[in-house]
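Here's the structure, in structure tokens; my notes come after.
Please treat every number below as a calculation from the coordinates, not as lab data. None of the values given here were measured: they were computed from a predicted structure. Here the Cβ positions follow ideal geometry from the backbone for every residue, glycine too, while neighbour counts run over all protein chains shown.
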Amino acid sequence: MKKAIVAGATGLVGRHVVKELINSQHYDEIHILTRRKSPFHKHPLVKEHLVQFDDLDEVDDVFKDVDDVFVTLGTTMKQAKTKEAFIKVDYTYPVKLAEKAKENGVDKFLVVTAMGADRDSRFFYNVVKGTLEERLINLELPSLHIFRPSLLIGERYEFRAGEKSAEWLSKPLSYVMKGKFKKYRPVKGSYVSAGMHAVAQKDTSGVHIYESDLINHVGHILKA
């Protein structure tokens, strides 16, 4: 029996990940860790766990005999309101999930960070993402896969005015983003999920990082 965990299943990428896993029929059980009910809670392959991520110890049993963990958690400063709250969602929770994955012998840990992730960056967002990557690498997970998309586009449950404005502005520019600017093209959430699912089916070990232009290229092929 093959089992997966998806954390962040109500977000843009997370919803697509769950759909990919359901449609692929590679998994016998798909466990969703979410703070609110997802649209998948009635699907026979899905086992939904409503959790507060501060209390992950309450769902320790979910990690037993799990093969792959997909983490697509993420917020914005506008939603989080404080740097401390942002760090909790984009750093603390993913690290806790990774620690539990390692404790339980999970095969693959797949996580979405961001293009430009760098703990030495001048930008707070990139610092948090870069610090997360460094912590995950230092955990020495059996198979770690880090996805660094550029601006994510697609339909979200919640309206993010800043991201939506950036999406509107960037779409016309995508056609002229070539050469060294190609990596800045917006990335569909479905492309990221397709790449994550494809990677999870391969026999790999060690640390693997996927930059935005590669995610776009592979996603375009997989979703064509």
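Apply 1/(1 + (r/R0)^6) to the Cβ-Cβ distance of Lys37 and Met77, taking R0 = 22 Å, and write down the FRET efficiency to the nearest 0.05. Efficiency, rounded to the nearest 0.05: 0.25. Relative to the longest principal axis of the Cα atoms of the chain, the long axis of helix 189-200 makes an angle of roughly 50 degrees. Normalised by 2.2 N^0.38 Å, where N counts its residues, the alpha-carbon radius of gyration of segment 26-124 equals 1.17.
In the chain, the C-alpha radius of gyration followed by the widest Cα-Cα span (Dmax) gives 16.6, 49 angstrom. Helix-only arithmetic for the chain: the sum of -39500 (n - 2.57) across DSSP H runs with n ≥ 4, divided by the residue total, places the mean residue ellipticity at 222 nm at -11500 deg cm²/dmol. Mean sequence separation of contacting Cα pairs (under 8 Å, at least six apart), scaled by the length of the chain, corresponds to a relative contact order of 19 percent. Sorting the segments 39-49, 11-21, 94-104, 134-144 by their mean number of nearby beta carbons within 10 angstrom, highest to lowest, gives 11-21, 94-104, 134-144, 39-49.
If R₀ is 25 angstrom, what is the calculated FRET efficiency for the pair Asp54 and Glu140, using the beta carbon separation as r and rounding to 0.05?
0.50
Each residue, Asn104 and Thr204, gets one label point 7 Å from its Cα in the Cβ direction; the gap between the two is 2.2 nm. With 27 Å as the limit on Cα-Cα distance, the pairs of Lys19/Lys83; Lys81/Lys183; Lys2/Lys100; Lys88/Lys223; Lys47/Lys81 that go past it are Lys19/Lys83; Lys81/Lys183; Lys88/Lys223; Lys47/Lys81. Using the Stokes-Einstein relation with a Kirkwood hydrodynamic radius computed over Cα pairs, the translational diffusion coefficient of segment 1-80 at 25 °C and a viscosity of 0.890 mPa s comes to 191 µm²/s.
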